[in-house]
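Read-outs: derived from the displayed coordinates by stated rules, not from any lab. Keep in mind it's a predicted model, so treat the numbers as computed, not measured. Cβ atoms come from the backbone with ideal geometry, glycine included; neighbour counts cover every protein chain shown.
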Amino acid sequence: MYVRKTNIMNRQNLSMGVGGTINLCAISGGSVSAETATWENVCGVLAHLSDNCSRYARIKYRLEHHYRPVLVARMINDAMRILTKHGKNNIAPQALIETALDESCSDNTCKGKSGCNGVGVISNKSCPRCNGTGHKGWSNRRICKGLGVGSTRYKRDYEGVYSDARALFDRFEAEISSELYKSSERY
Ligand SMILES: [Zn+2]
């Protein structure tokens with residue numbers, strides 16, 4: 001009975017892994033493509049990431065949302081460090097981490113009427129909407145809503161704070177890309 005249950009779990013995990021491979025590789029910056037990535041790639045990547053980065057990768061690329069509260073709780077100290085560094089204490093550390101996490105996990109492709117669809121170029125010119133990066137972050141309005149501050153106050157006091165919080169997740173992205181690359185060399 002126990003063995004049978006374990007087998008079922010393994011099959012589920014395997015199929016989740018295949019979907020996860022495609023998600024991870026689609027946003028890996030091209031170091032590994034979804035066509036060439038293997039199950040070993042994904043296991044290798046997840047096994048080598050630091051604890052919080054691994055949770056972040058699972059939330060963003062494998063849609064394992066149950067890791068979100070754990071990750072947020074484990075990053076409260078990072079948020080407090082950033083707030084202290086900037087001498088600010090009027091927003092909740094939890095709101096800072098949650099907003100930066102949600103923006104990092106969202107699809108930031110430059111889209112819409114005047115967007116470039118992630119290409120970075122429109123009519124042979126650098127896309128003005130995203131400055132040629134192909135990515136468009138959240139609007140200040142959306143960030144303010146997440147942080148619970150008004151836009152004047154955000155610009156005056158919290159732009160640098162939020163930028164530091166976003167950088168925490170940019171570092172995770174860099175770690176994931178680096179591990180994907182190393183994993184592609186291993187297998
Ligand atoms: Zn654009």
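One chain, two ends: LYS125 and ASN77. Fully extended at 0.36 nm per residue, the span grows by 13.0 nm beyond their Cα-Cα distance. Partners of LYS125 within straight-line reach, counting lysines whose Cα lies under 23 Å from its Cα and excluding those fewer than 8 residues away in the same chain: LYS111, LYS113, LYS136. Taking 7 Å steps out from each Cα toward its Cβ at THR84 and ALA174 produces label points 2.3 nm apart.
Looking at the stretch 90-162, the trypsin sites (Lys or Arg not before Pro) that sit in a DSSP loop and have at most 12 other Cβ atoms within 10 Å of their own Cβ are LYS113.
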